[in-house]
Amino acid sequence: MKEVVRVAGGQGFWGDSLEAPRQQAEGGPIDYLMLDYLAEVTMSILQKQKERDPSMGYARDFVGAIESVLPAVVDRGVRVIANAGGVNPPACAAAIRKLAESKGVGGKIRIGVVTGDDLLGRIDELIADGHSLANMETGEPLSTIRDRVLSANAYIGSTPIVEALSRDANIVITGRSTDTALTMAPLRYEFGWSATDWNHLAAGIIAGHIIECGAQCSGGNCLYDWRSIPDLANVGYPIAEAKADGTFVITKHAGTGGRVSVPSVSEQLVYEMGDPHEYITPDVVADFTTIHLEQEGPDRVRVSGIQGRPSTDKLKVSIAYRAGFKAVGTLVYSWPDALEKAQLADKVLRERLERLGLHFDHILTEFVGASATHGVLASRNPVTTDYPEVQLRFGVRGNDRAAVERFTREIAPLVLNGPPSVTGFAGGRPKVEEIVAYWPALVDKSVVTTKVEIL
Amino acid sequence: MNVRLLDIAHARSGDKGDTANVGLIALKPKWYPILERYVTRDAVAEHFKGSIDGPVVRFELPNLNALNFLLHGALDGGGTLSLKTDAQGKVFSTALLRMVISVPDDEARKSSLPSSDAQK
């Protein structure tokens with residue numbers, strides 16, 4: 001057994017730094033490269049792509065990422081674990097296989113493909129069997145949106161990834177695995193943790209939570225003493241150096257920028273946190289109130305004390321559905337009286353939409369520069385009202401595409417026929433966007449069967 | 001003595017559906033009890049009045065010198081439905097740091113809290 005296993009986080013979401021995977025693989029010793037591509041909204045985007053082309057539906061950035069780390073995988077035995085498969089893990093695996101063959105290293109790549117999370121084709125069967133897939137937050141039954149469902153995926157845990165690793169896969173591709181399982185699985189595999197070793201599994205999950213958002217734990221988006229964080233242009237992505245006893249150190253490669261400190265790790269720990277006593281995953285319920293952090297050295301934070309409890313008998317299901325259309329238009333008003341001008345433009349625009357008989361489910365006006373991010377907390381006691389400029393940001397949402405489309409034609413005219421001192425319309429008409437909304441539900445664990453294939 | 005949270009805490013926020021969460025972390029471990037005592041659920045609900053539609057829930061993480069607040073109905077529907085600039089609640093963190101708490105003078109002195117009275 002290895003004494004220390006190093007899992008490096010190289011991607012925090014689909015769209016993260018293209019350089020990070022290679023920097024993690026080449027910048028120093030690592031055993032595993034963990035790449036997290038999936039957010040709630042990503043699955044639905046991928047599903048739309050798959051509808052258009054059945055060979056799509058996975059995170060295509062992953063192919064470039066693998067190309068950039070092939071030498072480390074082939075020559076140094078670094079293994080890659082990623083949920084890049086999206087709604088089509090087999091197609092993702094085929095693309096990686098093709099890449100490996102074209103680079104002449106096909107014989108050195110074993111791809112583990114995890115499937116079984118995709119429930120789209122089973123929804124009616126599940127409902128017929130009494131699984132209501134009701135919305136976890138509102139309690140509404142799925143039937144209210146059944147005909148608009150685009151994708152449905154269960155969040156699956158570490159077990160199939162562990163199986164792929166034990167069958168010698170050096171690239172493991174999953175669909176909707178939990179982000180944290182991608183980090184916990186290799187630790188469970190290497191240290192032989194059992195499926196009921198709750199404290200150790202919880203430690204692996206929390207290591208995953210810390211590194212799953214890339215540099216957000218190593219100096220990126222860090223509010224604490226932010227001016228002093230060095231060399232963000234070359235920010236180091238995080239590495240979890242884990243031991244069999246469930247303790248680990250968060251660090252980053254030498255010579256990189258950013259900072260790993262108790263405050264930087266603490267900020268990431270509370271990110272997207274619900275009830276800290278029960279961080280529920282398919283594998284274990286982790287207790288964030290048991291975490292102990294200690295600065296062990298420069299850019300090294302030791303994490304210990306973590307406890308976990310048995311997992312539940314449910315899996316969370318992420319369902320995406322079509323939910324109408326939206327568009328957001330902006331115009332910039334300049335000093336003097338920038339805010340007042342923008343406010344008048346808002347009033348004029350609302351009146352015109354009314355006269356046109358356009359009705360929307362929702363209209364939201366924001367004044368960027370005055371109150372867009374902090375709302376009344378900023379506008380109640382403003383530090384100044386003498387703004388150099390204010391951006392009017394006007395959004396509408398509704399089920400009638402034509403109405404939203406018509407709204408997009410009402411922004412530009414304001415430049416000539418509305419309040420004065422207006423600019424910043426060069427981007428043209430706002431784009432109409434179809435909204436894909438998210439419906440969280442629960443399903444019995446027993447109905448989801450995962451499968452591992454080696455390609 | 002009035003104390004601005006910005007001077008005694010840092011924070012990070014994120015989203016889950018239409019709920020924003022704000023993790024509030026004491027800048028010094030000795031200031032955590034101050035946060036626990038004065039940054040109550042009700043005080044935070046009052047602070048965000050007019051900005052959020054739902055209730056506030058508070059959790060304590062003394063091991064991280066942190067409090068976690070859930071602000072329900074904060075994100076104009078949340079996720080892709082939201083029309084807000086901050087649809088994912090990324091800067092509710094700094095919005096909470098605007099909050100000013102009132103701490104009795106001797107307790108504030110004992111904890112060497114920085115006063116915000118001069119700034120007002």
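The values are calculated or read from the model by the stated rules, or taken from the named source; none is laboratory data. Remember, it's a predicted structure, so these values are computed and weren't measured experimentally. Every residue, glycine among them, receives a Cβ derived from its backbone with ideal geometry; neighbour counts consider all protein chains shown.
Take the conditions part of a loop (DSSP other than H, G, I, E, B) and farther than 29 Å from A:ASP197 by Cα and apply them to A:GLY246. Does it pass? No, not satisfied. Scanning the range A:417-433 for any residue that is under 27 Å from A:ARG148 (Cβ atoms) and either assigned to a strand (DSSP E or B) or of a type in the set (A, V, I, L, M) (or both) turns up at least one such residue. Residues in the range A:405-420: is at least one of a type in the set (A, V, I, L, M), in contact with a Pro (Cβ under 9 Å, 6 or more places away or on another chain) and within 13 Å of another protein chain (Cβ to nearest Cβ)? No, every residue in the range A:405-420 fails to be of a type in the set (A, V, I, L, M), in contact with a Pro (Cβ under 9 Å, 6 or more places away or on another chain) and within 13 Å of another protein chain (Cβ to nearest Cβ). Close Cβ contacts (under 6 Å, 6 or more residues apart or on different chains) running from residues in the range A:293-317 that are more than 30 Å from A:ILE229 (Cβ to Cβ) to residues that are in a strand (DSSP E or B) and acidic (Asp, Glu) comprise A:GLN307/A:ASP287. On the basis of being part of a loop (DSSP other than H, G, I, E, B), under 23 Å from A:ALA323 (Cβ atoms) and aliphatic (A, V, I, L, M), does A:LEU358 make the cut? Answer is yes for this residue.
Here the condition is being within 11 Å of chain A (Cβ to nearest Cβ), in contact (Cβ under 8 Å) with a residue 40 or more places away in the chain and part of a helix (DSSP H, G or I); of B:ALA74, B:ALA95, it holds for B:ALA95 alone.
Restricting to the range B:16-47, and then to whatever is at pLDDT 95 or above and part of a strand (DSSP E or B), can you tell me which residue is nearest to B:ASP106 (Cα to Cα)? Going through the qualifying residues, I end up with B:ALA26. Taking first residues from the range A:26-49 that are more than 14 Å from chain B (Cβ to nearest Cβ) and partners that are of a type in the set (Phe, Trp, Tyr) and not in a loop (DSSP other than H, G, I, E, B), the Cβ contacts under 8 Å between residues at least 6 apart in sequence or on separate chains come to A:LEU35/A:PHE62; A:TYR37/A:PHE62. Checking each residue in the range A:261-292 for being of a type in the set (A, V, I, L, M, F, W, C) and facing another protein chain (nearest Cβ under 7 Å) picks out A:LEU269, A:VAL270, A:MET273, A:PHE288, A:ILE291.
Mind listing whichever residues of the range A:214-251 are of a type outside the set (A, V, I, L, M) and in contact with a Pro (Cβ under 9 Å, 6 or more places away or on another chain)?
Once the filter is applied, which keeps residues that are of a type outside the set (A, V, I, L, M) and in contact with a Pro (Cβ under 9 Å, 6 or more places away or on another chain), the range A:214-251 yields A:GLY214, A:GLN216, A:CYS217, A:SER218, A:GLY219, A:CYS222, A:TYR224, A:ASP225, A:TYR237, A:THR251.
In the set (1) buried (at least 18 other Cβ atoms within 10 Å of the Cβ); (2) part of a loop (DSSP other than H, G, I, E, B); (3) acidic (Asp, Glu), the condition left unmet by A:ASP346 is number (2). Within the range B:48-71, the only residue that satisfies the criterion of being assigned to a helix (DSSP H, G or I) and crowded, with 22+ Cβ neighbours inside 10 Å is B:LEU64. Taking the numbered list (1) outside any loop (DSSP other than H, G, I, E, B); (2) modelled with pLDDT of 95 or more; (3) among the small types (Gly, Ala, Ser) in turn, A:ALA378 passes all entries but (2). When residues in the range A:326-345 are screened for being closer than 10 Å to A:ASP386 by Cα and of a type in the set (Lys, Arg), 0 of them pass. Kindly check whether there is at least one residue in the range B:27-46 that is surrounded by 21 or more Cβ atoms within 10 Å (Cβ to Cβ) and facing chain A (nearest Cβ under 8 Å). Checked against the condition, which is being surrounded by 21 or more Cβ atoms within 10 Å (Cβ to Cβ) and facing chain A (nearest Cβ under 8 Å), the range B:27-46 yields no hits at all. Being under 24 Å from A:SER264 (Cβ atoms), buried (at least 21 other Cβ atoms within 10 Å of the Cβ) and either within 13 Å of chain A (Cβ to nearest Cβ) or aliphatic (A, V, I, L, M) (or both) holds for only one residue in B:ARG4, B:ARG12, and it is B:ARG12. Of the residues that sit in the range A:150-162 and are surrounded by 19 or more Cβ atoms within 10 Å (Cβ to Cβ) and not small (Gly, Ala, Ser), which one is farthest from A:ALA185 (Cα to Cα)? This residue is A:LEU150.
Inside the range A:89-119, residues that are under 30 Å from A:LEU142 (Cβ atoms) and either aliphatic (A, V, I, L, M) or crowded, with 24+ Cβ neighbours inside 10 Å (or both) make up a count of 7.
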